[in-house]
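Written out below as C-alpha cells is the structure these notes cover.
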Amino acid sequence: MLSRKNDWTRYATIVASLALGAAVWEIAGHMTSDAFWVPLSATLRSLEEVLRNGVLLRQAASSFELYLTGLAFGVAVGAPLGLLLARVAWLRVALEDYILMLYATPMVALIPFILSMMGFGFAPKALVVFLFAVFPVLYNTIEGARSIRPELIEVAHSFRSGEWALWRDVMMPYTLPFAMTGIRQAIARGLVGMVAAEFFLSPSGLGQMIMMGSQNFDTAGMLAAILIIVLLGVALMDLGRYLEKRFAAWRGYNP
Amino acid sequence: MAGLQPVSRDAGLPSTAAATEGRGAPPSLLLKASAGVVLLLVWEIVVRALAPEYVARPTGIAKVFLPVLSDAQFLAAAGATLWAVVQGLAISIVAGTAVGLLMGRVPTAEHGLRYYVNSLFATPMVAILPLVTLWFGYNADARLAVVVFASFFSMAINTADGARSVPMEFLEVARSFRARPMSTMFDVVLPSSLPYLLAGLRLAAGRALIGAVVAEFFVSIPGLGYFILYNSRTFRHDDAFVAVIVLVAAGVGFEAAIKWLTRRYMPWGRRG
C-alpha cells in the first residue's frame, strides 16, 4: 500500500518530468534551426491561432467524421460476423485461419490499391479506416466464442432455450469482453488508418494540417497538429482501456 | 497489456474438433482448404465481373508470382525492407528492454517516463513521418527511424509490465543471498519478464513492418512498400500484390517463430 508521502513524491516526480520535458522542448527549439524544431511556446502560439480561426475545429471534425464512419462500420460488421461464426462451428473452423491472416496483414499495404481503384473522396478513406478496424474486432470475437464452454450451451439447450434466448443470454454476454478487447485494438488501429488515409489518399483533416505544415516549412503548425493527434491517441487509448476493463469483469466465470 | 490478450488458441480446439467430427462433418483440414478455394473463386469471379482489367485477381497473381519472386530488383526491395525491420527491431529490443526494466523496477523512472512512453505508444506512427523526414532527410535513415519509433514503445511498455510482475519471492531470495542490484536485474528480473518481453516483441514486429511500409510510401526509397506503390500506380496490381503476400508471410512467419520460441524454451511463461 502506498503511503500518503509516497503518493506525494509520485505526483512531484510526474510534474517535474512534465516540466522538464516542456523545458527541453523549449530550449531545443531555441538552439536548432526553425526547420527542425521550434520551441514549445511557438507551437502553442500556432495552436492558439488555428484554434481561434476555426481551422483546427473544421479539420478535426472532418477527421472525426472519417474515423467514426470507418470504426462504426468495422464494429457493426466485425462483432455480428464474429458471433455468427461463434455459433456455426463448421463455418468458424473453415474461416478462422484466413481471418487470422487478414488480422496480421499490414493494411497500409493495401492503400495504393484502394487509391488506384477508388480514387479520391470520402468512401475510399472510410474503407481504409474500416479495414484497419474490422479484423481486430472479428478476430477477438471469434477467440471469445471459441472459449465458450460447451456445457453452457448444453445447459441452455436442456432448458429448451430458443435460439434467440441462447444468443442473448449466453453467446453475447460471454463474447462481449473479448469483443471489447477487439474494439480497443480497433480504436487504436483505426486512428492509424485515419491518418494514413488522410496522408496517402486525398489530403484532409488533421493529416492535411500536418502535411501542409511540413510542405510550407511551418514547423510550428506541423508540431501543433502532431500534438493534437498525440493527445487524441492518448484519449482514445484510455477510452479503449476503460471499455475493455468495464466489461472484463464478465470474464469471471472463465475457468 | 500482454495479460489482456485473449485466451490461448489451444483452449477451445479439442471441443471444436470433437463437435465437428461428432456431427459427421468433413475433417477440419479439408474444410479449411475448401474454404480457401471458395474464397479465391469468389475473389476471381467478383473481380472479373465487376472490376476493371488491371485489378489483382488470383489467376493473375499466380501467373506473375514466380517471375516477380525471382526478379532481382524485387528481391533487393524485399531484402531492403526486411533488413530495415530487423535492424530497427534490434535497436528497439536493446533500448526498449533497458528502458522497460528501469521503468518496471525504479519508481522514479516509472513516474518520470510513463507519460512520455504511453503517449508516444498511442501516437499513430504515420503522423510523425513528415517530422522524421525533416530530421533524417528522404533516405533509408528515415525508414529506420520510423521502424524504431514504431517498435520501441511496445517493447518498453511490455518489458516494464513484466519487470513489475516479478514474484516477490524471487526478489526476496535474491536479497537474502545479497545479490548485487545488477545481478538481480539480469539473473532474476530479466528472465522472469522474458515472456512479457516476447509478447512485446510480437506486437513490435507487426508495428515495425507497418512502419517500414509507410516510410517507403512517404519517402519513396526502394523497398516492398515502394514496390507496391509504384506498381499499383502503373496499374500492375498483380505484381504489386506479390509484395503484399511477402509482407503477410513475413509477419505471420515472425509471429509463429516467437510463439514457438516461447512455448519451447520458456515453460515458465505459460500464463493464464
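The values are calculated or read from the model by the stated rules, or taken from the named source; none is laboratory data. All of these numbers come straight from a predicted model, not from anything done at the bench. Glycine also receives a Cβ, built like all others from the backbone with ideal geometry; neighbour counts cover every protein chain displayed.
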(request) Could you tell me which numbered condition A:Pro39 fails, if it satisfies all but one of (1) crowded, with 21+ Cβ neighbours inside 10 Å; (2) touching an Asp or Glu at 6+ places or on another chain (Cβ under 9 Å); (3) not polar (S, T, N, Q)? (result) (1)
(message) Of the conditions (1) more than 10 Å from every other protein chain (Cβ to nearest Cβ); (2) within 30 Å of B:Tyr54 (Cβ to Cβ), A:Ser116 satisfies every one except a single condition; which number is it?
(response) (1)
(request) Would you be able to say whether some residue in segment B:71-85 is outside any helix (DSSP H, G or I), on the phi < 0 side of the Ramachandran plot, more than 8 Å from chain A (Cβ to nearest Cβ) and more than 19 Å from the chain's Cα centre (by Cα)? (result) yes
(request) Test A:Gly82 against the criterion of being surrounded by 23 or more Cβ atoms within 10 Å (Cβ to Cβ) and more than 14 Å from every other protein chain (Cβ to nearest Cβ), and give yes or no. (result) no
(request) Hey, can you tell me all the residues within segment B:53-70 that are within 13 Å of chain A (Cβ to nearest Cβ), closer than 19 Å to B:Leu247 by Cβ and out of contact with any helix residue (DSSP H, G or I) (no Cβ under 8 Å at 6 or more places or on another chain)? (result) none
(message) Here is a check on your reading of the model: is B:Pro181 under 16 Å from the mean Cα position of the chain (by Cα) and not basic (Lys, Arg)?
(response) no
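Look at segment B:220-258 and say how many of its residues are of a type in the set (D, E, K, R), surrounded by 15 or more Cβ atoms within 10 Å (Cβ to Cβ) and farther than 16 Å from B:Val85 by Cα.
Of segment B:220-258, the ones of a type in the set (D, E, K, R) are B:233, B:236, B:238-239, B:255.
Next cut, surrounded by 15 or more Cβ atoms within 10 Å (Cβ to Cβ) only: B:236, B:238-239, B:255.
Keeping just the survivors that are farther than 16 Å from B:Val85 by Cα gives B:236, B:238-239.
Adding up the residues that qualify gives 3.
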(message) Kindly evaluate A:Ile142 against the criterion of being more than 7 Å from chain B (Cβ to nearest Cβ), part of a loop (DSSP other than H, G, I, E, B) and not basic (Lys, Arg).
(response) no
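Please go through segment A:202-219 and give me each residue that is buried (at least 23 other Cβ atoms within 10 Å of the Cβ) and farther than 10 Å from B:Val126 by Cα, ordered by number. Don't jump to the end; show me each part of the working.
The first filter runs over segment A:202-219 and keeps only residues buried (at least 23 other Cβ atoms within 10 Å of the Cβ), leaving A:205-207, A:209-210, A:219.
Residues satisfying the conditions are A:Gly205, A:Leu206, A:Met209, A:Ile210, A:Thr219.
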(request) Within segment B:92-130, track down each residue that is within 7 Å of chain A (Cβ to nearest Cβ) and outside any helix (DSSP H, G or I). (result) B:Thr123, B:Pro124
(request) Could you list, in sequence order, all residues of segment A:173-214 that are touching a Lys or Arg at 6+ places or on another chain (Cβ under 6 Å) and of a type outside the set (Gly, Ala, Ser)? (result) A:Pro177, A:Leu201
(message) Against the conditions (1) part of a helix (DSSP H, G or I); (2) of a type outside the set (D, E, K, R); (3) touching a residue at least 12 places away in the same chain (Cβ under 8 Å), where does B:Pro222 fall short? Just the number, please.
(response) (1)
(message) Against the conditions (1) buried (at least 21 other Cβ atoms within 10 Å of the Cβ); (2) touching a Leu at 6+ places or on another chain (Cβ under 8 Å), where does B:Leu261 fall short? Just the number, please.
(response) (1)
(request) Restrict the check to segment A:7-23 and report whether at least one residue is in a loop (DSSP other than H, G, I, E, B) and either surrounded by fewer than 19 Cβ atoms within 10 Å (Cβ to Cβ) or in contact with a Pro (Cβ under 7 Å, 6 or more places away or on another chain) (or both). (result) no
(request) Please enumerate the residues belonging to segment B:131-144 that are free of Cβ contacts under 8 Å to residues at least 60 places away in the same chain and within 11 Å of chain A (Cβ to nearest Cβ). (result) B:Leu131, B:Leu134, B:Trp135, B:Phe136
(message) Every residue in segment A:24-43 that is in a helix (DSSP H, G or I) and touching a residue at least 24 places away in the same chain (Cβ under 8 Å), please.
(response) A:Ala42, A:Thr43
(request) Just give me the residues in segment B:45-94 being at pLDDT 90 or above and among the hydroxyl-bearing types (Ser, Thr, Tyr), in sequence order. (result) B:Thr59, B:Ser70, B:Thr81, B:Ser92
(message) Looking only at residues that are more than 8 Å from every other protein chain (Cβ to nearest Cβ) and of a type in the set (Ser, Thr, Tyr) in segment B:209-262, which one is nearest to A:Asp97 (Cα to Cα)?
(response) B:Thr262
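Got a sec? Which of B:Leu190, B:Leu197, B:Leu201 is surrounded by fewer than 20 Cβ atoms within 10 Å (Cβ to Cβ) and either away from chain A (no Cβ under 14 Å) or on the phi > 0 side of the Ramachandran plot (or both)? Lay out the reasoning, then the answer.
Working: B:Leu197 fails: surrounded by fewer than 20 Cβ atoms within 10 Å (Cβ to Cβ); B:Leu201 fails: surrounded by fewer than 20 Cβ atoms within 10 Å (Cβ to Cβ).
Being surrounded by fewer than 20 Cβ atoms within 10 Å (Cβ to Cβ) and either away from chain A (no Cβ under 14 Å) or on the phi > 0 side of the Ramachandran plot (or both) holds for just one of B:Leu190, B:Leu197, B:Leu201, which is B:Leu190.
This table checks each residue for (1) more than 8 Å from chain B (Cβ to nearest Cβ); (2) assigned to a helix (DSSP H, G or I).
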site: A:Glu151; (1), (2): yes, yes
site: A:His157; (1), (2): yes, yes
site: A:Ser161; (1), (2): yes, no
site: A:Leu166; (1), (2): yes, yes
site: A:Pro177; (1), (2): yes, yes
site: A:Val192; (1), (2): no, yes
site: A:Ala196; (1), (2): no, yes
site: A:Ser202; (1), (2): yes, no
site: A:Phe247; (1), (2): yes, yes
